[in-house]
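> Submitted below is the structure of interest, expressed as structure tokens.
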Ligand SMILES: *Cc1c(COP(=O)(O)O)cnc(C)c1O
């Protein structure tokens, strides 16, 4: 059966999403290059319409549905970037989208998804109850469930980032990227490792609730307690019945590192002050690891993926204006 996702699938995804998803820039950072002692580049997945890379996988997944499936509508469980991505992709294709979330989700996140014309369904007081509602829509109305990471079309869509990187920086030596469910890093790693197994792929998660990190060490998917974190877009489990990303990450990812809340905050401040970029916590962990953890194998041409910018602006300005002893 193989990996479930090949380089060929990623090239196919690239053609499939080209008319809906823009190519993103890769920019050199002189300041990070100076600090890291390696040539550092930033991949700006922050510039997408929805402010995060997840649009790539969502568009690829929906484009691969049959017309009959698309007519039944799609459903996602998400409080953030995945919900936005599915809503955007569905609107793009004229499909109905329902995004299920719990009572606990704040109004600004609800309205961001409503603005993309998706139906927001608020159920219960936990993610589990929101998931039960999505399952009901699938069972009773035949809607199509769109998983945030554990699906070959989603992984291949995120993998288009890897193909773009190889074109812009063929001599890439090392990649740092945020790691949660692992769709993002799996797709990129399939592309980079096909070009050269020597390209080092490093996943970065937060200390507070890193599900893939613990699963890799346990040798199988394990549940972890979800904790509040600045990197909220990296929260949640990998699924105890994980089908694709656990084995792809096991096979292709060379190292996984954790960063603290303080290091994430410091990276967000650094990116704002020195690079003039607004990056959410989950999007800044790659830079947090580079600045504070110095993972082994950082040499030559290093890419940090900045995976999203969807941060509450009041919280962000507060964080930017607060001074914490750090390197920023
Ligand atoms: C979802 C997300 C990630 C992690 O992607 P996975 O495929 O779940 O590993 C990283 N950064 C941001 C901003 C995200 O929204």
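The values are calculated or read from the model by the stated rules, or taken from the named source; none is laboratory data. What you see is a predicted model, and the numbers here were worked out from it, not measured in a lab. Cβ: placed from backbone, ideal geometry, glycine included. Neighbour counts: every protein chain shown.
> Taking the residues in region 175-197 that are surrounded by fewer than 24 Cβ atoms within 10 Å (Cβ to Cβ) and touching a residue at least 24 places away in the same chain (Cβ under 8 Å) as candidates, determine which candidate is nearest to the ligand (Cβ to nearest atom).
Within region 175-197, the match that is nearest to the ligand (Cβ to nearest atom) is 193.
> Follow-up. If I ask for residues that are under 17 Å from the mean Cα position of the chain (by Cα) and closer than 12 Å to residue 177 by Cα, which ones from region 188-205 would you list?
Selection gives 188, 189, 201, 202, 203, 204, 205.
> Condition test on residue 51, is it modelled with pLDDT of 95 or more, on the phi > 0 side of the Ramachandran plot and under 17 Å from the mean Cα position of the chain (by Cα)?
yes
> Given (1) part of a loop (DSSP other than H, G, I, E, B); (2) within 16 Å of the ligand (Cβ to nearest atom); (3) buried (at least 18 other Cβ atoms within 10 Å of the Cβ), where does residue 226 come up short, assuming only one miss?
(3)
> Specify which of the listed residues (2, 37) is closer than 23 Å to residue 242 by Cβ, out of contact with any strand residue (DSSP E or B) (no Cβ under 7 Å at 6 or more places or on another chain), at pLDDT below 95 and surrounded by fewer than 24 Cβ atoms within 10 Å (Cβ to Cβ).
Criteria check complete, one pass: 2.
> Right, something else. Please state which one of 241, 232, 255 is more than 14 Å from the ligand (Cβ to nearest atom) and under 19 Å from residue 149 (Cβ atoms).
The unique qualifying residue is 241.
> Only one of these conditions is not met by residue 217: (1) more than 20 Å from residue 51 (Cα to Cα); (2) within 16 Å of the ligand (Cβ to nearest atom). Which number is it?
(2)
> Being closer than 25 Å to residue 240 by Cβ, away from the ligand (no atom under 16 Å from the Cβ), surrounded by fewer than 24 Cβ atoms within 10 Å (Cβ to Cβ) and over 20 Å from the mean Cα position of the chain (by Cα) is true for just one of 144, 122, 172. Which residue is that?
None of the others qualify; the one that does is 144.
> Restricting to region 242-262, give me the number of residues that are free of Cβ contacts under 8 Å to residues at least 60 places away in the same chain and more than 19 Å from residue 3 (Cβ to Cβ).
Summing the residues that are free of Cβ contacts under 8 Å to residues at least 60 places away in the same chain and more than 19 Å from residue 3 (Cβ to Cβ) in region 242-262 gives 6.
> Okay, next question. Within region 272-282, does at least one residue satisfy the condition of being free of Cβ contacts under 8 Å to residues at least 40 places away in the same chain and within 30 Å of residue 30 (Cα to Cα)?
Yes: region 272-282 contains one or more residues that are free of Cβ contacts under 8 Å to residues at least 40 places away in the same chain and within 30 Å of residue 30 (Cα to Cα).
> Inspect all residues belonging to region 308-327 and state whether any of them is crowded, with 24+ Cβ neighbours inside 10 Å and more than 16 Å from the ligand (Cβ to nearest atom).
Within region 308-327 (the criterion being crowded, with 24+ Cβ neighbours inside 10 Å and more than 16 Å from the ligand (Cβ to nearest atom)), the answer is no, since none of the residues qualifies.
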